[in-house]
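What follows is calculated from the coordinates using simple rules that are stated; it is not laboratory data. Nothing here was measured: the structure is a model prediction, and the numbers come from that model. Every residue, glycine among them, receives a Cβ derived from its backbone with ideal geometry; neighbour counts consider all protein chains shown.
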Amino acid sequence: MNTSLIDFALYDTESSIIIVDGSSYNPDLSITEPLVTIIPPNYVTKYSQTYTPLTNKVVGPSFFSFPCNLEDGIYKIKLSVCPSTVLFKEKNYLRTYNLEKKLGILANEAIRVNKDTCLYTDLILQLLVAKSIANCEPDRAMIIYNSVNDSIKPCTNC
């Protein structure tokens, strides 16, 4: 029996989240109503658009019905095809691009003035841990994210 399995990977860029559809679909069935649904951080509203299965979907500010920058935080992302109550995959995704960019600036400055960069390496590792647990433990992932962010708050030029 051929079955369909929906799965996807997620990647950050400065202005987008890239959804890479790695699903496998039953070749005996037609794929209808493919939909990506996203709830951005600190929102409860669901934003949806169709997507082309087995391709990449680039989600930028225009995906949402209001002007916005893609902020860091937990994005709840769902890919589904009809029947969407059966064929879907949901993930909690922790976007950390903006904080990683700040850490990179600080680490480069530390290197430039010949200071130790161990703190920044440790903070980046903490972010990687947060990203790795975000799907199953989004609240704990945000605690780690906020701790890293608070560690660099005194930085004024990043």
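Worth a mention:
- Here's the list of lysines a cross-link from K57 could span, going by alpha-carbon distance under 28 Å and ignoring same-chain residues fewer than 8 apart: K46, K76, K78, K89, K91, K101, K102, K131.
- Most mobile listed residue (L29, L106, L54) in the chain, GNM with C-alpha springs under 10 Å: L29
- Residue-span extension gain [E14 to D139] - 0.36 nm each, minus C-alpha spacing: 42.6 nm
- Estimated from helices alone, the mean residue ellipticity of the chain at 222 nm is -9500 deg cm²/dmol (sum of -39500 (n - 2.57) over DSSP H runs with n ≥ 4, per residue).
- Rounded to the nearest 20 debye, the dipole size of region 46-158 about its Cα centre is 360 debye, using +1 on the Cβ of Lys and Arg and -1 on the Cβ of Asp and Glu.
- Selected from V86, V129, V113 as most flexible by GNM, with the chain as the system and alpha-carbon contacts under 10 Å: V113
- Label of the coordinate-derived value, Kirkwood radius over Cα pairs in Å, listed as [x] 17.7; [y] 17.3; [z] 16.0: [y]
- Length available on full extension from I152 to T117: 0.36 nm per residue minus the Cα-Cα distance, which gives 11.3 nm.
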